[in-house]
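A quick write-up on the structure given underneath.
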Amino acid sequence: MKTVNHWIGGKTVEGASGNWGPVTDPATGAVTTQVALASVEEVDTAVTAAKDAYATWGTSSLAQRTSILFRYRALLDANRDSIAELITAEHGKVHSDALGEVARGLEIVELACGITTQLKGELSTQVSNRVDVSSIRQPLGVVAGITPFNFPAMVPMWMFPLAIACGNTFVLKPSEKDPSAANLLAELAAEAGLPDGVLNVVHGDKVAVDALLAHPDVAAVSFVGSTPIARYIHTTASANGKRVQALGGAKNHMLVLPDGDLDAAADAAVSAAYGSAGERCMAISAVVAISSIADELVDKIRERAEKIKIGPGNDPESEMGPLITKVHRDKVASYVTGAAAQGADVVLDGTGYTVEGFEDGHWIGLSLLDRVSTDSDAYRDEIFGPVLCVLRAETYEEGVALINASPFGNGTAVFTRDGGAARRFQLEIQAGMVGVNVPIPVPVGYHSFGGWKDSLFGDHHIYGNDGVHFYTRGKVVTTRWPDPAEGHIGVDLGFPRNH
């Protein structure tokens, strides 16, 4: 059986805690790998390695950092298939979707390659007689990232390339459900010339997470995951004096107005709800349809959903793979089986789906629930699976009010041909990311990703300008140099004057 160990100080370090976690192939249900689960002492070893590396990396030149990142970007590009294969083997998503994940992660590596412009300071000369004031940004030190199972390559790449480009060193704690991609990312960084200890990977469960949150040498923590855990991460790390960005769960809505292109809206709903088996925080899980077009839209979504081919992620014909674990598969199915009792029309029921020859895989088909009420479990909870709820509203105003009443505020979309309605929507909707005829409005790398309300805990979104600000802190320097032609100016007990 394959074993996944830690990556600390530029080399593989065997797990010493004696605790191991199983990693399954979601398509077969078979345990294929064991992953080391770190003790508090092993986490301390990783943090110490990062702290030691910071002594030199934190003062390294921007030229050195960017040259390494350019080489790293080239290696990631050359190995994108290998990374995607690891994702498919342990997460289950189809290969094309895994490749897309790597590509979106590469965007942030490319942003990090251009960090020289992002870290430029400001200078004001002659603010008073012979006085200049400059503002600069400096790294924090050792920072940590705790990442989810659904994007085992992309989300880590949303964090550590930018952090290390800013001069920090990094300790990554990836999901123990699909850990292999993280190790390959670290190995490729070392091959690119990243000094030992700048990027470390420590695997583990809650023991490792809590050790990072409490460690006095960790200055900041980045997290992506469910809302309850994001709230816990933010509360605990903040109480320990750390800077925190914790991205939580979502219930993303798509409002479809009567003037919208219903074929395009149906295509978008199927892609956004069922892509990656619905295991993504930017999935559209609730369509809010204006009643006059709701029946037609539901029919179009059903027609398209019935044609999606489900199978192993390494089968080129598969469009959707299995769910990550059997436990998660059963939980997702429970929302579908309970939906009718809570008043929904079950248009498609995917709970009985299986794949011939892979009967032990974590399979579930596509489910479509119509006339879902806002007090039902299927609507209130983040299902994180291929289940799409349709809710009906009589007017634009009613639809916006419904969406804004949700405790989540991650992403949302509107489908319309009316520019005025789209403009109103983007200003009135209470969400951090908005799509206009775009169902999954994940920003490009040079804009920041993050939600509102219970979808984000902390003041900073991830990557983009917010990411640079999160991984650095500002310093203002006021300078006066005496004119050699003038003598001693004497003592002045008054407050410094700028006029």
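The values are calculated or read from the model by the stated rules, or taken from the named source; none is laboratory data. Quick caveat: nothing in here was measured; it's all calculated off a predicted structure. As a convention, Cβ positions derive from the backbone with ideal geometry for all residues, glycine included, and neighbour counts pool all protein chains shown. For accessibility, only protein heavy atoms count, side chains too; no ligands or nucleic acids. Shrake-Rupley method; radii C 1.70, N 1.55, O 1.52, S 1.80 Å.
For segment 226-258, which residues satisfy the criterion of being in contact with a helix residue (DSSP H, G or I) (Cβ under 8 Å, 6 or more places away or on another chain), of a type outside the set (A, V, I, L, M) and part of a loop (DSSP other than H, G, I, E, B)?
ASN240, LYS242, GLY248, GLY249, LYS251, PRO258
Looking at segment 411-488, what strands (runs of 3 or more DSSP E) fall wholly within it and have at least 2 residues that are touching a strand residue (DSSP E or B) at 6+ places or on another chain (Cβ under 6 Å) and polar (S, T, N, Q)?
Correct list: 472-480.
Can you report the number of residues in segment 376-399 which are outside any loop (DSSP other than H, G, I, E, B), open to solvent by less than 10 Å² (accessible area, probe 1.4 Å) and either of a type in the set (A, V, I, L, M) or more than 13 Å from ALA283 (Cα to Cα) (or both)?
Residues that pass the stated criteria total 7.
Condition first: charged (D, E, K, R) and either surrounded by 15 or more Cβ atoms within 10 Å (Cβ to Cβ) or farther than 27 Å from ILE87 by Cα (or both). Now tell me which residues in segment 304-346 satisfy that.
Answer for segment 304-346, where residues must be charged (D, E, K, R) and either surrounded by 15 or more Cβ atoms within 10 Å (Cβ to Cβ) or farther than 27 Å from ILE87 by Cα (or both): ARG304, ASP315, GLU319, LYS326, ARG329, LYS331, ASP345.
Of (1) open to solvent by 10 Å² or more (accessible area, probe 1.4 Å); (2) more than 30 Å from ASP459 (Cα to Cα); (3) touching a Gly at 6+ places or on another chain (Cβ under 7 Å), ALA277 satisfies all except one. Which?
Checking ALA277 against (1) open to solvent by 10 Å² or more (accessible area, probe 1.4 Å); (2) more than 30 Å from ASP459 (Cα to Cα); (3) touching a Gly at 6+ places or on another chain (Cβ under 7 Å), the one that fails is (1).
Can you run down the residue pairs with Cβ atoms below 8 Å, 6 or more apart or on separate chains, where the first is in segment 462-491 and closer than 30 Å to GLN245 by Cβ and the partner is polar (S, T, N, Q) and in a loop (DSSP other than H, G, I, E, B)?
ILE462/SER448; TYR463/SER448; GLY464/SER448; ASN465/SER448; ASP466/SER448; GLY467/SER448; TYR471/ASN168
Name the residue, out of ASP330, ASP315, that is at pLDDT 95 or above, in a helix (DSSP H, G or I) and more than 20 Å from VAL372 (Cα to Cα).
One residue alone meets the criteria, ASP330.
Residues to consider are VAL468, VAL434, VAL477, VAL438; find the one that is aliphatic (A, V, I, L, M), farther than 23 Å from ALA283 by Cα and surrounded by 15 or more Cβ atoms within 10 Å (Cβ to Cβ).
VAL468
When you scan segment 32-53, do you find a residue that is open to solvent by less than 20 Å² (accessible area, probe 1.4 Å), in contact with a helix residue (DSSP H, G or I) (Cβ under 9 Å, 6 or more places away or on another chain) and over 27 Å from VAL143 (Cβ atoms), even just one?
Among the residues of segment 32-53, at least one is open to solvent by less than 20 Å² (accessible area, probe 1.4 Å), in contact with a helix residue (DSSP H, G or I) (Cβ under 9 Å, 6 or more places away or on another chain) and over 27 Å from VAL143 (Cβ atoms), which makes the answer yes.
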